[in-house]
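As structure tokens, the structure follows; a few thoughts come after it.
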Amino acid sequence: MRLPRHHIDMLEYRAEQQETTVSGVLARELDGKASAHIEELSAALPGFAEAMAWPG
């Protein structure tokens, strides 16, 4: 994936503020987006709901 420099800078800043990694920031953001669209994504992507529920 390619991102503009200002997006990378933002992610690095947020990671530092949250005492986590850029991967951690991205994972939380993507999980939030996925949760908001769980029904649509589950219908379109086999196993998506199970993956979102893991390890719960």
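The values are calculated or read from the model by the stated rules, or taken from the named source; none is laboratory data. Here the structure is a predicted model, which means the values were calculated and not measured. Cβ: placed from backbone, ideal geometry, glycine included. Neighbour counts: every protein chain shown.
ALA34 meets all of the listed conditions (1) modelled with pLDDT of 95 or more; (2) exposed (fewer than 12 other Cβ atoms within 10 Å of the Cβ); (3) among the aliphatic types (A, V, I, L, M) but one, namely (2).
Taking (1) assigned to a helix (DSSP H, G or I); (2) loosely packed, with under 10 Cβ neighbours inside 10 Å in turn, PRO55 satisfies each apart from (1). Residues to consider are GLU16, GLU40, GLU50, GLU29; find the one that is at negative phi, of a type in the set (Asp, Glu) and under 12 Å from the mean Cα position of the chain (by Cα). Testing whether each residue is at negative phi, of a type in the set (Asp, Glu) and under 12 Å from the mean Cα position of the chain (by Cα) leaves just GLU29. Whenever a residue of segment 25-41 is more than 21 Å from LEU11 (Cα to Cα) and in contact (Cβ under 8 Å) with a residue 12 or more places away in the chain, its partners that are of a type outside the set (Val, Ile, Thr) and surrounded by 12 or more Cβ atoms within 10 Å (Cβ to Cβ), lying with C-beta atoms within less than 9 angstrom and at least six residues away or across chains, give the pairs ILE38/PHE48; ILE38/ALA49; ILE38/MET52.
Just to verify a result, which residue in segment 1-21, among those that are charged (D, E, K, R) and in contact with a helix residue (DSSP H, G or I) (Cβ under 7 Å, 6 or more places away or on another chain), is surrounded by the fewest Cβ atoms within 10 Å (Cβ to Cβ)? Among them, the one singled out is GLU12. Would you confirm, using the coordinates I've provided, whether GLY24 is surrounded by 11 or more Cβ atoms within 10 Å (Cβ to Cβ), at negative phi and either at pLDDT below 95 or not in a loop (DSSP other than H, G, I, E, B) (or both)? Yes, satisfied.
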